[in-house]
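Accompanying notes for the structure given below.
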Amino acid sequence: MRLIRYARGGRAAAGAVSDGYVHELAGTAPRACGLGPRVAPLAEVTLLPPCDPRVIVCAGSNYASQIREKDRPWPDRPALFLKAPNAVVGPGAAIERPVELDRLEYEGELAVVIGRTARGIAARSFADYVLGYTCANDVTAADWRSDGQWARAKSADTFCPLGPWIETGVPDPAALRLRTFVNGTPVQDTGTGDMVFGVGTLLAYATRWFTLHPGDVLLTGSPSGVGPLTAGDEVSVDIDGVGRLTNPVVDRR
């Protein structure tokens, strides 16, 4: 099932998408709900971020292709950092590039959306705690990361596009094709099987210290091919079996 949050007629609501239509949800538990009545064609609603995370945990240097590309040492454990919730925007929303920035970067990623409270979980049981998966762009201000200002480099407003929906029917998150496009040109193309640490390992490691609640998000890292964005660009993250997230880039003034 494809779970969404959307706006229509000045009202925000949760729903699901099927065959090009938005439906109400039948039931109150997202992990066990079904399709209710039709609301409207998908084209007539505005998609919002599909979840409202309080915590966004991110894995760095988690693709073998990027480690080789950057000539980094092979990690013996996940490298985690946080993005702030204010960075979250939905599909179609503008990524705002600070005008004083020399280099803004895209990082296409698979995002894991938590479905039940997770603390100290076992890697083998990770699927019990996952609501589903969505596309993410871990937008990064490269200048500020290189000078040690990671909080603003990763968490400025609009630096975490998510969407277009939460796909609950992904059988294997390690068997997906992840591609990123800038102005229609492919710039990243890697299978999620190239992750150094899989979703189960990442969630087990992260929940040793961070209690994750329904709606919280784990970003699983970006493959090789990270590159620059500038005002006027359009960037898309496409994950087979999950969806396609597209956002324009504008200058923030």
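The values are calculated or read from the model by the stated rules, or taken from the named source; none is laboratory data. Predicted model, so just to flag it, every value in this text is computed and none were measured. When we count neighbours, we look across all protein chains shown, and the Cβ atoms used for this are built from the backbone with ideal geometry, even at glycine. Note: accessible area is taken over every heavy atom of the protein model, side chains too, but ligands, DNA and RNA are not part of it. Shrake-Rupley method; radii C 1.70, N 1.55, O 1.52, S 1.80 Å.
At a glance:
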| read-out | value |
| --- | --- |
| Whole-number accessible area per residue in Å² for the range 90-204, which is evaluated in the context of all protein chains at 1.4 Å | 37 Å² |
| Label-to-label distance, nm, for residues given as ASN183 and ARG252 (7 Å Cα→Cβ offset) | 2.3 nm |
| Ranked by how many other beta carbons lie within 10 Å on average, peptides 126-139, 35-48, 182-195 from highest | 126-139, 182-195, 35-48 |
| For a label point 7 Å along the Cα-to-beta-carbon line of ASP102, residues of the range 224-253 with backbone N under 20 Å | 226-231, 251-252 |
| Three-way shape label, the chain, alpha-carbon gyration tensor, a/c 1.5 | oblate |
| Chain lengthening between ARG8 and ASP240 when straightened (0.36 nm per residue, less Cα-Cα) | 80.8 nm |
| Square roots of 5 times each gyration tensor eigenvalue, C-alpha, the range 181-225, largest first, Å | 27, 13, 7 |
| Helix-only [θ]222 nm of the chain, DSSP H runs n ≥ 4, -39500 (n - 2.57) each, per residue, nearest 500 | -2500 deg cm²/dmol |
| Rounded percent of accessible protein surface that carbon and sulfur make up, the chain, 1.4 Å probe | 48 percent |
